[in-house]
Amino acid sequence: MGEKIDWGNLGFGYYKTDYRYVSNYKDGKWDAGILTKDDTVVISECACVLQYAQTCFEGLKAYRTKDNRVVCFRPDLNAKRMADTAKRLEMPPFPEERFLDAVKQVVKANIDWVPPYGSGATLYIRPYLFGTNPVMGVKPATEYQFRVFVSPVGPYFKGGVKPITLRIPDFDRAAPRGTGHVKAGLNYAMSLHAIVDAHNQGYNENMYLDSATRTKIEETGGANIIFVTKDNEVVTPKSNTILPSITRRSLMYVAEHYLGLKATEREVYLEELGEFKECALCGTAAVLSPVGKVDDHGKEILFPSGMEKSGDITQKLYKILTGIQMGEIEPPKGWIFEID
C-alpha cells in the first residue's frame, strides 16, 4: 500500500489494491490458485463470458473490529450462493471451502487496506466466476476463471442515510422461472436501463413487481426489501424469483432473536403497501436504506416514518446488525469469520 487514504472521506468505488486471487478451471478440474499483483484479465475475443454473459459474482465485506481483529460476515453463505448460481448457469462451482480460503488469502494479503474501526469505511470483497474459452455456438464454456479482488469503500450513502424514493416501474426484473434467484451478471445488465430511467425521472430505485401477475412486491434492482407493520412485525416478500439476500436473512434473525419481534417471510401485495409504517432496502453495500415513499404511476405512498430519517425499528435493526459485524455486539454462532 503506497498511499495514504483519507478513510473518513472514501467514496463507494473501486480502488486497485495490492493482491488478488486467481484460479483456473480446465480439463474438468480447478488448479491450485495463486495470489497475483496483476489486475488485468486476458481472454479470447470469443470468450463465452463476452458472447453469452456466462458469469456470476458475490459481494461481501471485511471489517476491523473494536479490538482490532479483521473479520468477515457470514462468508459461508456467499460461498454456497455462488455455488448455487454456478450450477444454474452450467458453470463448475468453485468449492465452498476453497472460496473461504481465497477470501482469507486476499484479505490477509491486503490487510493494510482494511479501514480502521470507526471510520465508516470497510473492505469490499468481490469474488466472481466466468467462462473464458472461445464459444461460438450457444453452449456453456469448458474453461473458467475464478477471481477475488478487494477494494476499500466508504459508506454507500455519503453524508448520512436519508430516506429514498422508489417507483413502481413498467419494467420486469425477472421471469417467473428464470434466473432472478441467483446472482448472475445478466440480471444486473437487464436492470441497468430501468435504473437509469428511474434516476432520470427523479427516483432513487425501482420497486419491482412479480412478472406473472404484477400484483406482488419483489425487490429492487440490487437489494431486497423489508417492511414493518403498525404492530411492529417485520415482513419481507417471499418469492422464488428474488435473490436470497444474506443481509435480509440476518436482519430477520436479529428482529426475532435480538428485538423479540415477529419476523415473517410471505407474499406481499402491492395493494397493502400503504398499510406498513416503515420500509427499507437491505444488502451488503448499504446494509439498510430507509424508504420514505413509493410512487405507483402518480399515486404517492408515503410511509409514516417519513422522508427525514429512518423509522424506529429500521434504526434498531441497523444498529444491532452493524454492531455484530463490527464486534460490538455478541454474534450468533458461526456469523463471524476471523481473518487470522
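The values are calculated or read from the model by the stated rules, or taken from the named source; none is laboratory data. Nothing here was measured: the structure is a model prediction, and the numbers come from that model. Don't worry about glycine lacking a Cβ; one is built from the backbone with ideal geometry, like all the others, and counts go over all protein chains shown. Side chains are part of the model used for accessible areas, which takes the heavy atoms of the whole protein and leaves out ligands, DNA and RNA. Shrake-Rupley method; radii C 1.70, N 1.55, O 1.52, S 1.80 Å.
For the cross-link pairs LYS61/LYS277; LYS16/LYS61; LYS80/LYS162; LYS4/LYS80; LYS230/LYS262, which exceed 24 Å when the distance is taken from alpha carbon to alpha carbon? Violating the 24 Å limit, Cα to Cα: LYS61/LYS277; LYS80/LYS162; LYS4/LYS80. Taking Lys and Arg as +1 and Asp and Glu as -1, the other residues whose beta-carbon sits under 12 Å from that of ASN204 total +1. Taking Cα atoms only, the orientation of helix 185-200 departs from the longest principal axis of the chain by about 40 degrees. Using a probe of 1.4 Å, the accessible surface attributed to MET136 totals some 150 Å² when neighbouring protein chains are kept in position. For SER245, no residue whose modelled amide H falls within less than 5 Å of its own remains once neighbours fewer than 5 places apart on the same chain are excluded. Against the chain, whose longest principal axis comes from its Cα atoms, helix 312-325 is set at around 20 degrees. Which one, ALA223, GLN201, HIS257, projects farthest toward the positive side of the charge dipole computed for segment 198-320 from Cβ point charges (K/R +1, D/E -1)? Result: HIS257. For segment 53-58, putting each phi into the Karplus relation 6.51 cos²θ - 1.76 cosθ + 1.60 with θ = phi - 60° gives couplings of 6, 7, 7, 9, 8, 9 Hz, in residue order, rounded to whole numbers and with x for Gly and Pro. By accessible area, using a 1.4 Å probe on protein heavy atoms only, segment 237-306 has 46% of its surface on carbon and sulfur.
Net charge within 9 Å of PHE149 by Cβ-Cβ distance, Lys/Arg positive one each and Asp/Glu negative one each, not counting PHE149 itself?
Working: positive: LYS16, ARG20, ARG126, ARG147; negative: ASP39.
Residues near PHE149 contribute +3 overall.
With a threshold of 28 Å on the Cα-Cα distance, the over-threshold entries among LYS37/LYS104; LYS108/LYS183; LYS104/LYS238; LYS37/LYS87 are LYS104/LYS238; LYS37/LYS87. Highest average first, the peptides 127-135, 49-57 ordered by how many other beta carbon atoms sit within 10 Å of their residues are 127-135, 49-57. Among ASN78, ASN24, ASN200, the largest mean-square fluctuation in a Gaussian network model of the chain (Cα springs under 10 Å) belongs to ASN200. Rolling a 1.4 Å probe over the protein heavy atoms gives segment 45-172 an accessible area of 40 Å² per residue.
A 1.4 Å probe over all protein chains sorts ASP172, ASP296 by accessible area into ASP172, ASP296, starting with the largest. Each distinct pair of alpha carbons in segment 117-205 adds a 1/r term; the inverse of their mean, the Kirkwood radius, is 16.8 Å. The string of couplings for segment 10-23 from the Karplus curve (6.51, -1.76, 1.60, θ = phi - 60°) is 6, x, 9, x, 8, 10, 6, 9, 6, 10, 9, 9, 9, 9 Hz, one whole number per residue in order, with x for Gly and Pro.
Given their separation in residues at 0.36 nm each and the Cα-Cα distance between them, ASN9 and ASP27 gain 1.8 nm when the chain is fully extended.
Quick check for me: using +1 on Lys/Arg Cβ and -1 on Asp/Glu Cβ, what's the dipole size of the chain about its Cα centre, in debye to the nearest 20?
Details: 42 positive and 43 negative charges, 79 e Å.
Once rounded to the nearest 20, the dipole reads 380 debye.
Can you give me the angle between helix 246-257 and the longest principal axis of the chain, using Cα atoms only, in degrees from 0 to 90, rounded to the nearest 10? On a 0 to 90 degree scale, this one is about 50. For THR55, the residues whose amide H sits under 5 Å from its own are GLY185, LEU186, ignoring neighbours fewer than 5 places away on the same chain, with H placed 1.01 Å from N.
Here segment 53-187 has 54 percent of its accessible surface on carbon and sulfur atoms, given a 1.4 Å probe and all protein chains in place.
What is the chain by shape, rounded, prolate or oblate, if you read a ≥ b ≥ c off the alpha carbon gyration tensor as root eigenvalues and call it rounded for a/c under 1.5, prolate for a/b larger than b/c, and oblate otherwise?
Working: a/c = 1.80, a/b = 1.25, b/c = 1.44.
Oblate shape, in that a/c is at least 1.5 and b/c is the bigger or equal ratio.
When all protein chains stay in place and ligands, DNA and RNA are ignored, the 1.4 Å accessible-area order of ILE324, ILE336, largest first, is ILE336, ILE324.
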